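For reference, the structure is listed below as structure tokens.
The values are calculated or read from the model by the stated rules, or taken from the named source; none is laboratory data. Remember, it's a predicted structure, so these values are computed and weren't measured experimentally. Note that each Cβ is placed from the backbone with ideal geometry, even for glycine, and that neighbours are counted across all protein chains shown. What goes into the accessible areas is simple: the full protein's heavy atoms, side chains included, and nothing from ligands, DNA or RNA. Shrake-Rupley method; radii C 1.70, N 1.55, O 1.52, S 1.80 Å.
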Amino acid sequence: MHRKLIVIVVGFVILTGCGHVTGNQDFKQEINHVEQYLLDEDWETLTVQLDHFQRVYKKHQWKVQLIGDEGEYERLHESINRLRAAVDTKEAKDARIELATIKSILEDIYSL
């Protein structure tokens with residue numbers, strides 16, 4: 001009985017700490033930053049933040065590929081590129097749509 005309780009507690013601790021390991025928390029944090037700069041229409045800072053977001057994506061890309069299916073991570077990559085294009089052309093509406101798409105795709109991927 002004691003052994004089962006220990007296994008359950010250790011399993012719970014490991015599972016609750018997996019958000020950062022899988023990249024979920026990193027993506028949420030980056031999206032929040034991008035969203036704030038987009039709302040402020042601070043295009044210069046937003047461009048720098050997107051560079052950082054893309055580095056985070058590249059860092060966790062293999063994890064996203066393992067967790068999600070091929071269609072999801074390909075759509076994510078395409079949406080990130082469309083977000084970059086919208087920011088480069090200062091199209092706030094298009095950028096908001098792409099950011100919402102990225103958030104939705106990531107929610108689907110990490111909804112396990």
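Name the residues in region 46-62 that are more than 16 Å from Arg96 (Cα to Cα) and open to solvent by 40 Å² or more (accessible area, probe 1.4 Å), would you?
At the first step, the residues of region 46-62 found to be more than 16 Å from Arg96 (Cα to Cα) are 48, 51-52, 54-62.
Hits for region 46-62 are Val48, Asp51, His52, Gln54, Arg55, Lys58, Lys59, Gln61, Trp62.
Taking residues in region 97-112 that are within 17 Å of Arg82 (Cβ to Cβ), and partners anywhere that are in a helix (DSSP H, G or I) and open to solvent by 40 Å² or more (accessible area, probe 1.4 Å), the pairs with Cβ atoms closer than 7 Å and at least 6 places apart or on different chains are Glu98/Arg82; Leu99/Glu35; Ile105/Arg75.
Among the helices (runs of 4 or more DSSP H) confined wholly to region 6-112, which include 1 or more residues that are at pLDDT 95 or above? Explain how you work it out, then say what you get.
Values: elements: 18-22, 24-40, 43-67, 70-88, 92-109.
By residue number, 24-40, 43-67, 70-88, 92-109.
Filter region 70-88 down to residues that are free of Cβ contacts under 8 Å to residues at least 24 places away in the same chain and either open to solvent by less than 70 Å² (accessible area, probe 1.4 Å) or out of contact with any helix residue (DSSP H, G or I) (no Cβ under 7 Å at 6 or more places or on another chain) (or both), then give me how many there are. Explain how you work it out, then say what you get.
Keep residues of region 70-88 that are free of Cβ contacts under 8 Å to residues at least 24 places away in the same chain, which gives 70-71, 74, 77-78, 81-82, 85-86.
From what is left, the residues that are either open to solvent by less than 70 Å² (accessible area, probe 1.4 Å) or out of contact with any helix residue (DSSP H, G or I) (no Cβ under 7 Å at 6 or more places or on another chain) (or both) are 70-71, 74, 77-78, 81, 85-86.
Here the count works out to 8.
For region 89-99, the candidate set comprises residues that are more than 11 Å from the chain's Cα centre (by Cα) and within 23 Å of Gln61 (Cβ to Cβ); within that set, the residue that is most open to solvent (accessible area, probe 1.4 Å) is Ile97.
Selection within region 100-112: residues that are of a type in the set (S, T, N, Q) and open to solvent by 50 Å² or more (accessible area, probe 1.4 Å). The member of this set that is farthest from Leu39 (Cα to Cα) is Ser111. Give me the residue from region 31-69 that is of a type in the set (Val, Ile, Thr) and touching a residue at least 12 places away in the same chain (Cβ under 8 Å) and, out of that set, nearest to Ser111 (Cα to Cα). Across region 31-69, the extreme among qualifying residues is Ile67.
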